[in-house]
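Encoded as structure tokens, the structure appears first; notes follow it.
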Amino acid sequence: MKPAKFDYVRAESIDQIVDALDKGDGEAIVLAGGQTLMPMLAMRLARPATVIDINNVTDLSGIGIVGDELVIMACTRQAEALASPLVREHAPLLAEAIALVGHQQTRNRGTVGGSLSHADPASEIPLAALALDASVSLRSVAGTRRVQLADYFLGPMMTARADNEVLVSVHFPIMSGGAGSAFHEVSERRGDFAVVAAAAIIEVDGAGICTAAALAIGGADATPRRIAALEDKLQGAKLDGALIRSVLPEIALAVAPGDDQHAGAAYRLRVATNLAERALLEAFDGARA
Amino acid sequence: MTSDPGRNLHYVAKKRRVREDKRFVTGNGKYVQDIVLPDTRHAAVLPSPYPRARILSIDTAAAEALDGVHMVLTGAQLAADCNPIRLGLKLPGIKWYPLAVDMTRYAGEWVAIVVADDAYIAEDALDLIEVDYEPLDAVVDPEVAFAETERFVHPDHGSNVLYHGNFVWGGVDEDFAAADERLDLRVRWGRSATVPIETFGVLAQWNEGTEILDIWASIQMPNFVELMASTLGYPLNSIRLHQDVDVGGSYGVKRGIKQSVLAAYLSRKLRRPVRLIEDRLWNMAGGDAHGPDRIFDTQVAFNKDGVIRSLKIRALDDAGAYPGRAPFQLAKPISALVGPYRINSVQYEAISVATNKTGQVPVRGFGQAPTNYMIEMVVDAVARHLGLDRLEIRRRNLIEAHEFPYKIPPGSEYDSGDYQTVLQKCLDLARYKDLLQRRDRARAEGRLAGIGIVTNLEPGGGNNIFEYLMDPTAEITTFMEGCEVRVDSQGNITGIMGTTTSGQGHETMFATILGEELEFDPDDIRIVHGDSLSSLPTRSPIASRMAIMLGSAAAGAAGRIKDRAMAIAAFNLDLPVAQLEYSAGTVSDRNDPSRKLTWAEICFIAYRAYHKLPEGMEPGFQAQFVFQVPGGGKLPDENNRVGIYPCFSFQAHIPYVEIDPGTGRVTVVDYAIAHDCGTVINPDIVRGMVIGGLAHGIGAALYEKFAYDDEGQFLSATFADYLMPSVHEIPDVKDVEHCTPSPLTSHGQKGSGEGGYLGAPAAIASAVNDALSPLGVTVHELPMRMHKLEALINEANTK
Amino acid sequence: MSKPEINLTINGHERSAAVEPRVSLLDFLREDMALSGTHTGCEHGVCGACSILLDGVPIRACLMLAVQADGCHVTTVEGLCNDDGGPGVLQDAFVEAHGMQCGYCTPGMLISAQALLAENDDPTLEQIKDAIGGNLCRCTGYVQIIESIQLAAARLREARS
């Protein structure tokens, strides 16, 4: 398990990254935290001509509030995001999700943007970000564009990011203070990739009427999926446990799980529903007017 | 709890530091990867992508042309120069070479090897090798393999059956006829292994001047040097295995014979040291380190009161492509085939089949863990059938303390034990009554909660006669272990052992026993590992045997040192030996302690004063001792009855689990284990072995599986797919010891390296089945992965 | 293939070397720096045997290129020893409580525990488990490792008070 040869570019600025990507002509790859790319290089599943190391680009690291958004720069370490009071306050669902990502050693290197770029259909950060209506900022020599995550995930490890683009930042609409959220997953062992996961956000008004709802399911389709039909049924409804349970069959209509050695499609579907129920009930429980 | 073997011990059974640990915590361990020789070349292997394929051609030209590459070797070239690796059974139609010849027989089998300046370049060269394969349909399912009449893993063998034997011990038919009831049960043990964190590695250096092949390897294997010699066609005394290499975990699997043959062959060809360190992918698929993969169909005959009378066992084992010693993993469990229970007769049909999967090697317990799992599931099934408590049925069937030594139908004699007391200790430790209430409260709250109860044996110190049961031409009746003790002219003591060590603390054990016997502080005693040319016979640390065998050899050698000291003193003090007393090296007159010879004086005489040595005594101060397996040395009788293992340790396991019905995920919440391995030599070592084995068993029960798809593709090549328990999956284990000394060993010690693993899978299965019992379903297949449990739970709930 | 020159501090010593970009930090430490205490287990970031401290935080050395460590401070298990090469407090606690068997995962365990105890010398059981949750051990079942860390923590607290 030794990588094939590559040229190494240590970028010091975002401009250098996009220049190198442009020159790379599809054969260059961005190295952020390396927690996924390094094994792929070692197994020679990835054989880029050029590796562009973005870890020294200080502009790509940091967490802040810009307008009504929480912005996490792409190369921010997962550990930093997990410890961030801003994340905990404005996107607690994300903090809850990151706590389930890997282990301290991998969170100390792994980045928020790297996880979104890798786009594993069962991984935690993409799922939470999707539930949070996040968007990503992608930059190339041609400029910057903003893509909603709903349009960003195209398939397993496939995204709308072009070969010549680098993911610069992730933008999370600030969660309403009264919203409840919850993240539930099942993995064989703690710290493993989830087999199935559910992320939920619920807001209610003083009368207990749902004013906003989000449910995202991971590990049950080629990408993380929002369950829009379920969300529609919750919005405007007076919520209670029975009502939440009554909308769960929408999940089965919205996702198309696959089989692998760790779980079959039937398992993924049933467990997605079970975890969604738990996440929605907990989010509802945490929601206050 | 400390052991009390009934004698006043100074060092044995006392809390003492483990001497090996200091080098490990400071980064001073010497593993094979840490050994650097000048000009070493690095090897990389090319695995087959197909489980079964004809190799039409291999083009190595481009790889050989790469700068920094020294050699590319294929199976055809190698086979012309070496013999096939000797198999355990004599199977002339099966030829096992380190690289595939003409045909690949499992996904991941090594097809070619590259030697280059460094490991990176070696892998670059792998990319340049072009192999033309003709893929064939693979033999994947062991039951299909057994019945197969045309598609053979080894066409020249003419069958996929490697072994098929049938044994009957005692009046099975009579016992079945006389029993009130009978039950059938199928249980399945999944393919897993020990998967040490260190892969296998080897460094070989042929020296044309000395004509000696030096091998440093992460090895744990009794026949390693013999197999190397027979495969390479070398005389045995031209191979020097360096046994002072630290081995990063093994538990049976570090056999690396094909790897070492390759490194040795290439080293001689290239006149350079060659190192082959498996990477994780090569190791998981092609390292030949998978364990038993077994289907049991068992019939049990029993009475209404729960007394079990007889068993008819059929075991079908999937040995993978190259059997090695795998079939013998069906034979070793004969030594404890009825478990700790008083079962009157037993029938055993054992079948080993070849499939297009990675070859099987010995794994911790050598087949005993699957067998114990089967026995315990059968006992639980009888209890369930009769509506008897699982504890009660065990109490009714356990062999009683007064019955030892107890001979079981296949001929092994259990040396000693007090099973009821150990079980009671486990119940007390688990606070069993409280635990029942806790389980019932959890159930009342709608959770799936269960308690496991398992009692199991750990045979230790085996004599290998099981091989004869399968192959009557293999008249092997010893499995000895030797050591040497030297006292230098300053009076310092050095113990020389053979074999490598892979975490068992042999050096500590050896020094403790020498210190105990010679009455010196063990910390002042040096222990070294001789190489295979300089050390006495050893059969390596398999079979929970080192405390039994090396420990007893150490005591024997120490006794000879003492005898020599006494003889020198008797001669110089002009007293009969019977009137002398040995105390911490000083020998004195019992009647007048002022008349004495000190240790320094004795050592001086031994090394310098020949005129003061008794007539006929050689100068110097050393002793050797080679210990024969107690009770071994006999061939089976005409009914195939034979004692295979001398010492039988015992454990009782009581885990508590909860299952999330929405996901099927099992949490092992608590675990109590009581164990009796006779006299404990070092309590920390034994406790670590017990708990570590138990954790390994939790892995086998819930997570670990070398998975193949229906076409024979291997699915578990990484640690993201082969799931070993992390600290989060292991509960807070409570443990308690009991000591029933063995009458057969120097200090009453028995084996302890396997027992936790030999009971934990059954115990977790027992707990899971208890948790599922309100749903009326059971699971009899390991590993019990969460998706399988969830499906069972869902099906029961939707009925 | 060009070999960039890197400068880094390893266990308090400044080191320079030219290294091929594709070489992992793990291989660099073991093969080029002759620091064999850091172990190779899986090379894909799961087992934790190669854990080191990078600028004080634990990471997996197999998941980093050596060239990326340019300018960094690296601590390996050898760096946890006292000046005389003997075991430090944490290492000695592992010996006292026999928190290992074969020793192969031990350097990684020590690194993870060191990072924990540097921040918190009174960790809860759950915090200890989280700290070593990414380090696989096949020998011990973890119980004596946890006990070793608890013993080290107690000794550190004692030394502090």
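Tabulated data
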{"item": "Any hit, region A:135-147, residues being charged (D, E, K, R), surrounded by 19 or more Cβ atoms within 10 Å (Cβ to Cβ), under 30 Å from C:Ala49 (Cα atoms) and modelled with pLDDT of 95 or more", "result": "no"}
{"item": "Pair list, Cβ < 6 Å and 6+ apart or interchain, from region B:568-582 residues that are without any contact (Cβ under 8 Å) to a residue 60 or more places away in the chain and part of a helix (DSSP H, G or I) to residues that are basic (Lys, Arg) and open to solvent by 70 Å² or more (accessible area, probe 1.4 Å)", "result": "B:Asn572/B:Lys612; B:Leu573/B:Arg595; B:Gln579/B:Arg590"}
{"item": "Subset of region C:92-108 [more than 27 Å from A:Arg109 (Cα to Cα), more than 7 Å from chain B (Cβ to nearest Cβ) and part of a helix (DSSP H, G or I)]", "result": "C:Asp92, C:Ala93"}
{"item": "Enumerated strands (runs of 3 or more DSSP E) restricted to region B:622-733, each holding at least 3 residues that are open to solvent by less than 10 Å² (accessible area, probe 1.4 Å)", "result": "B:647-659, B:666-676"}
{"item": "Residue count for region B:287-324, restricted to those that are out of contact with any Phe, Trp or Tyr (no Cβ under 7 Å at 6 or more places or on another chain), under 22 Å from B:Leu457 (Cβ atoms), buried (at least 24 other Cβ atoms within 10 Å of the Cβ) and not aliphatic (A, V, I, L, M)", "result": "3"}
{"item": "Any hit, region A:99-122, residues being without any contact (Cβ under 8 Å) to a residue 60 or more places away in the chain and surrounded by fewer than 21 Cβ atoms within 10 Å (Cβ to Cβ)", "result": "yes"}
{"item": "Residues of region B:168-187 classified as in contact with a helix residue (DSSP H, G or I) (Cβ under 9 Å, 6 or more places away or on another chain) and either surrounded by 20 or more Cβ atoms within 10 Å (Cβ to Cβ) or closer than 30 Å to B:Gly286 by Cβ (or both), total", "result": "2"}
{"item": "Considering residues of region C:109-161 that are buried (at least 24 other Cβ atoms within 10 Å of the Cβ) and among the hydroxyl-bearing types (Ser, Thr, Tyr) only, the residue farthest from the other protein chains (Cβ to nearest Cβ)", "result": "C:Ser148"}
{"item": "Strands (runs of 3 or more DSSP E) contained entirely in region A:17-85, each with at least 2 residues that are in contact with a Ser or Thr (Cβ under 8 Å, 6 or more places away or on another chain), in contact (Cβ under 8 Å) with a residue 40 or more places away in the chain and within 15 Å of A:Ser115 (Cα to Cα)", "result": "A:69-73"}
{"item": "Test: residue in region B:601-620 that is within 30 Å of B:Leu435 (Cβ to Cβ) and open to solvent by 20 Å² or more (accessible area, probe 1.4 Å)", "result": "no"}
{"item": "Residues of region B:224-255 classified as closer than 29 Å to B:Pro292 by Cβ and either within 14 Å of another protein chain (Cβ to nearest Cβ) or open to solvent by 30 Å² or more (accessible area, probe 1.4 Å) (or both), total", "result": "12"}
{"item": "Subset of region A:45-56 [at the interface with another protein chain (Cβ under 8 Å from one of its Cβ atoms) and open to solvent by less than 20 Å² (accessible area, probe 1.4 Å)]", "result": "A:Val51, A:Asp53"}
{"item": "Set A:Ile209, A:Ile202: member being away from chain B (no Cβ under 14 Å) and either open to solvent by less than 10 Å² (accessible area, probe 1.4 Å) or polar (S, T, N, Q) (or both)", "result": "A:Ile202"}
{"item": "All helices (runs of 4 or more DSSP H) inside region A:188-289 with 1 or more residues being outside the structural domain of A:Asp120 (by TED's automatic domain parsing), in contact with a strand residue (DSSP E or B) (Cβ under 7 Å, 6 or more places away or on another chain) and modelled with pLDDT of 95 or more", "result": "A:228-234, A:249-254, A:265-286"}
{"item": "Strands (runs of 3 or more DSSP E) fully within region B:34-148 counting 3 or more residues that are farther than 30 Å from B:Ile476 by Cα and among the hydrophobic types (A, V, I, L, M, F, W, C)", "result": "B:41-47, B:53-59, B:69-74, B:110-116"}
{"item": "Of residues in region B:193-211 being in contact with a Leu (Cβ under 8 Å, 6 or more places away or on another chain) and in contact (Cβ under 8 Å) with a residue 40 or more places away in the chain, the one farthest from B:Arg272 (Cα to Cα)", "result": "B:Ile197"}
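Conditions tested, residue by residue: (1) more than 7 Å from chain C (Cβ to nearest Cβ); (2) under 30 Å from B:Tyr106 (Cβ atoms).
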{"site": "B:Val686", "(1), (2)": "yes, no"}
{"site": "B:Ile691", "(1), (2)": "no, no"}
{"site": "B:Ala700", "(1), (2)": "yes, yes"}
{"site": "B:Glu704", "(1), (2)": "yes, yes"}
{"site": "B:Leu715", "(1), (2)": "yes, yes"}
{"site": "B:Met724", "(1), (2)": "no, yes"}
{"site": "B:Glu729", "(1), (2)": "yes, yes"}
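The values are calculated or read from the model by the stated rules, or taken from the named source; none is laboratory data. Predicted, not measured: the structure shown is a model, and the values here were computed from it. Cβ coordinates were reconstructed from backbone atoms using ideal geometry, including for glycine residues, and neighbour counts include every protein chain displayed. Accessible surface is based on the protein model in full, side chains and every heavy atom, while ligands, DNA and RNA are left aside. Shrake-Rupley method; radii C 1.70, N 1.55, O 1.52, S 1.80 Å.
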